[in-house]
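> Before I ask anything, let me first share the structure, which is written out below as structure tokens.
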Amino acid sequence: MSEYPDPFDDSYPRNSYGDDGEDGKVLDVNHLHREIAYSDHPYLNGGIFQAIIDRYWAKGEHGVIYTDKRSPYRVIKVANLDITDSEHNWQMAEFLEENWKRDIEGFVKIYTYWSGTCDGFHYQLINKVKKTSTPFKVNQVIATLDLDKGDEVMFAHMEMLPYVGLTHPDLTKEEMMKRVASAAENITIKTGEVIYDLVQDNYGFREDGMAAFFDFNMNAPENAFNKRREDESLWDYYYRKIRVNAAHDEAMEDAKV
């Protein structure tokens, strides 16, 4: 086998685009043997994500998702871990770092995870949004990432779920809610962490109908909705929250009509 990737293989990026901020040497994927996992490479840092991030795809409350220029089946989630108005990002990052290699059923497949400073990449993250979005959306992304010099940033290279929320065409709404509850239950059993933010923006489905979570809120305010009842199993707790949130979403859609 050749030491270098095939130069005509478009599944590999062509270069790493330069400076990576304060974390030292940039991983040049042109010289990365195809059998070496990115996540285990000694020079893994923000440079590889500079090489593979393509276009803006979506944003949530705390993170932004970009497409992967090499594959229509993968995306890169970016979040600022030093953001000051919430502890959500660093708690989620800690959870992902501890569990992303464990292949837990119900957990989105993550191919590479890295966090660190990448000051030289800040402008590009915003500029990629400018190329495909309105000025309003660009300002939303700027506010979401809230990047300052020296901020620690998380990159998670993950599978793109074809159906986000309760949208799988071959399943009933009831079937989907039950599968999401089972996915959440299994994640909690395997990790010991309770998932609180069970909204449709945080989970989805694969083509085969398996549910998976890609965003995790590990902290939630104490209230009756978030508290598990004494006579409630873990699965029933998750199913109740998923059903209530879905009903709320449906009511909001009806109100728009």
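> Of the numbered conditions (1) under 15 Å from D215 (Cβ atoms); (2) assigned to a loop (DSSP other than H, G, I, E, B), D103 satisfies every one except a single condition; which is it?
D103 satisfies every listed condition except (1).
> Could you identify the single residue in D119, D103 that is under 29 Å from F205 (Cα atoms), over 15 Å from the mean Cα position of the chain (by Cα) and of a type outside the set (V, I, T)?
D103
> Is at least one residue of segment 132-144 part of a strand (DSSP E or B) and crowded, with 17+ Cβ neighbours inside 10 Å?
no
> Right, another one. Name the single residue, out of those in segment 145-198 being among the β-branched types (V, I, T) and not in a helix (DSSP H, G or I), that is surrounded by the most Cβ atoms within 10 Å (Cβ to Cβ).
It comes out as V153.
Quick grid of which residues meet (1) under 25 Å from K59 (Cβ atoms); (2) in contact with a strand residue (DSSP E or B) (Cβ under 7 Å, 6 or more places away or on another chain); (3) modelled with pLDDT under 90:
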{"residue": "G192", "(1), (2), (3)": "no, no, no"}
{"residue": "A224", "(1), (2), (3)": "no, no, yes"}
{"residue": "R228", "(1), (2), (3)": "no, no, yes"}
{"residue": "Y239", "(1), (2), (3)": "no, no, no"}
{"residue": "A246", "(1), (2), (3)": "yes, no, no"}
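The values are calculated or read from the model by the stated rules, or taken from the named source; none is laboratory data. Quick caveat: nothing in here was measured; it's all calculated off a predicted structure. Methodologically, a virtual Cβ is constructed for each residue, glycine included, from the backbone with ideal geometry; neighbour enumeration extends over all protein chains shown.
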